[in-house]
Amino acid sequence: MVEDTCDLTVAARTAARKARDRGPAPVYSVTMSEKRFAYPIVLDLAGRSAVVVGGGQVALRKAQALAEAGARVTAVAPDFLPDVAADGRIACVREPYDAAHLDGAAIAIAATDDEGVNRRVADDARAAGVLVNVVDVPPLCDFIVPAQVRRGDLLVAITTGGAAPSLSRRLRQRLEREFGPEWADYLSALRDARGRVMAGGLEPDVRRRIFERLTEPDLLDAARQGPDALRRAVDAAVEEVKNA
């Protein structure tokens, strides 16, 4: 499958226009099945506006994750825990939530302990064409956030569709042991090698064989020995295929 990204801002504006044409947003039943979350995507949020409604620990975690993804994060709440306000990546708006806070947002997360506020965020976001997640209330969500293992460019996501969050957590812990920190260096080396190979004027078949060679187990073994060993192993593997 070819990875792709989309312009969420354009999509949001288009959806908002369609929402206005349709009239008021529908009421979503809280009994809606979580099995509808069946299409996994990875979003490019760099430079895009993300709004987190809430000022507690859950809101902090959500806001920090969005900031780490490169989003411009605004948190909205009458009050914030000190850790939220102290994070320079998060713009804190100290006032009650209003639909206007979602203007220009690509994504919104409701993380308050007020069910009424969370539902308003969901309804307002949906009417404006903004993707929304209400923490721990899948029927009000456009998307759910899976358990994750991240090692540099490697991202492994686990979801049970809400059926067993504790199982997702156990699987994440297992994968964290399997995918150690060396995977970050390995993926970084593969990215660098790919750029050099693509710019090297080689035939497509040679490039394909090089890329396959670079995914063989000995390269990961080299990554476990450190950056210098990995660099030598990558260079040797590329030359091995070129001279075959």
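A compact table of results
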| quantity | calculated |
| --- | --- |
| Environment charge at ALA69 (Cβ cut-off 10 Å; Lys +1, Arg +1, Asp -1, Glu -1) | -1 |
| Calculated mean projected area of the Cα convex hull in nm² (choose from (1) 12.6; (2) 18.4; (3) 16.3), label | (3) |
| Gained length - ARG209 relative to ASP153, 0.36 nm times residue gap less alpha-carbon distance | 18.0 nm |
| Computed E for ARG174/ASP44 - FRET, C-beta separation, R0 22 angstrom, nearest 0.05 | 0.15 |
| Rounded to the nearest 20 debye, dipole of the chain from Cβ charges on Lys, Arg, Asp, Glu | 400 |
| Using a Förster distance of 30 Å, the FRET efficiency for ALA163-ALA199 (Cβ separation, nearest 0.05) | 0.05 |
| Sites GLU115 and ARG191 - FRET efficiency at Förster radius 45 Å, r taken between beta-carbons, to 0.05 | 0.55 |
| Options ALA46, PHE179, ILE90, ranked by Cα towards positive dipole end of the chain, top entry (Cβ charges) | ALA46 |
| In degrees, nearest ten, helix 204-213 long axis to first principal axis of the chain (Cα) | 80 |
| Dipole in debye (nearest 20) - the stretch 182-242, about Cα centre, beta carbon charges: Lys, Arg +1; Asp, Glu -1 | 240 |
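Since every read-out is calculated from the coordinates, none of them should be taken as a lab result. Quick caveat: nothing in here was measured; it's all calculated off a predicted structure. Here Cβ is always computed from backbone atoms with ideal geometry, including for glycine, and neighbour counts include all displayed protein chains.
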